[in-house]
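The values are calculated or read from the model by the stated rules, or taken from the named source; none is laboratory data. As the structure is a prediction and not an experimental result, all values here were calculated from the model. Positions of Cβ are generated from backbone atoms using ideal geometry, with glycine treated the same way; all protein chains shown enter the neighbour counts.
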Amino acid sequence: MMGLLRRIRAVLKVGRAAEFARRLALMNFFEGVTIGSGLAIGLYLSGNFSYHASLLTVLSVAVGSAISGFMGAWMAERIEQEHRLRRIEEAILSDLRGTLYQRAAQRAPILVGTFNGLSAAAGVGVVAAPFLASLLLGSDPLTGAVASVAVSIASLTGVGLVLERTMRLDPVFAVKRIVAAGLATMLLVLTIDLLIGAL
């Protein structure tokens with residue numbers, strides 16, 4: 001296991017993709033959290049409190065978020081790695097095929113995409129879990145929905161603090177902006193659900 005982690009770090013280091021992977025994984029987790037909070041609110045307002053139906057919905061959204069996160073990060077990093085490899089080849093006037101740099105350029109996009117896909121799915125799952133647990137245990141779905149919102153706000157606060165450290169932002173500014181974006185998303189979902197329910 002430690003050997004695998006060392007190889008992953010080496011690929012990201014040689015490919016100079018570690019910082020990009022961290023930032024993008026963080027933003028994909030943020031997206032997953034906002035999607036998960038909207039999903040929990042929407043499931044509660046739908047009035048259908050079937051555990052299996054809700055679980056299937058959450059899994060479908062999590063898988064979709066993971067695929068979207070993977071593909072977006074993979075394509076962006078693949079283009080970046082190919083461009084970087086060409087720049088190095090032009091600078092040293094040599095073909096890098098078969099070298100460590102070429103192998104890292106091939107593997108880094110897959111690793112970056114995987115990290116980001118898993119981050120997005122984790123964000124959805126973490127926030128939706130309290131609501132699903134309330135359905136599984138037969139407790140009040142409202143309690144589960146409120147717990148999901150609370151987990152969402154706590155997760156968004158954490159994202160804001162990590163962003164502040166990573167990008168050297170003002171901590172209050174970072175947390176306020178991230179939490180405000182999440183709350184705005186929840187409010188939008190709530191408004192849409194209420195409007196649809198009124199039709």
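Here the condition is being surrounded by 13 or more Cβ atoms within 10 Å (Cβ to Cβ), within 11 Å of the chain's Cα centre (by Cα) and either among the hydroxyl-bearing types (Ser, Thr, Tyr) or modelled with pLDDT of 80 or more (or both); of Ile41, Ile35, it holds for Ile35 alone.
Is there a residue in region 137-145 that is at pLDDT 90 or above, part of a helix (DSSP H, G or I) and β-branched (Val, Ile, Thr)? There is at least one residue in region 137-145 that is at pLDDT 90 or above, part of a helix (DSSP H, G or I) and β-branched (Val, Ile, Thr).
In contact with a Gly (Cβ under 9 Å, 6 or more places away or on another chain) and modelled with pLDDT under 90: does that describe Leu26? The answer is no for Leu26. Restricting region 102-128 to residues that are among the polar types (S, T, N, Q) and more than 11 Å from the chain's Cα centre (by Cα) leaves a set whose member that is farthest from Gly32 (Cα to Cα) is Gln102.
One residue stands out in region 110-135 among those that are touching an Asp or Glu at 6+ places or on another chain (Cβ under 9 Å) and without any contact (Cβ under 8 Å) to a residue 40 or more places away in the chain: the one that is nearest to Leu156 (Cα to Cα), namely Ser134. Filtering region 47-85 to residues that are among the acidic types (Asp, Glu) and either in contact with a Leu (Cβ under 8 Å, 6 or more places away or on another chain) or surrounded by fewer than 18 Cβ atoms within 10 Å (Cβ to Cβ) (or both) leaves only Glu82. Out of everything in region 108-164 that is of a type in the set (A, V, I, L, M) and touching a Phe, Trp or Tyr at 6+ places or on another chain (Cβ under 6 Å), what residue ends up being surrounded by the fewest Cβ atoms within 10 Å (Cβ to Cβ)? Ranking the qualifying residues of region 108-164, first place goes to Leu136.
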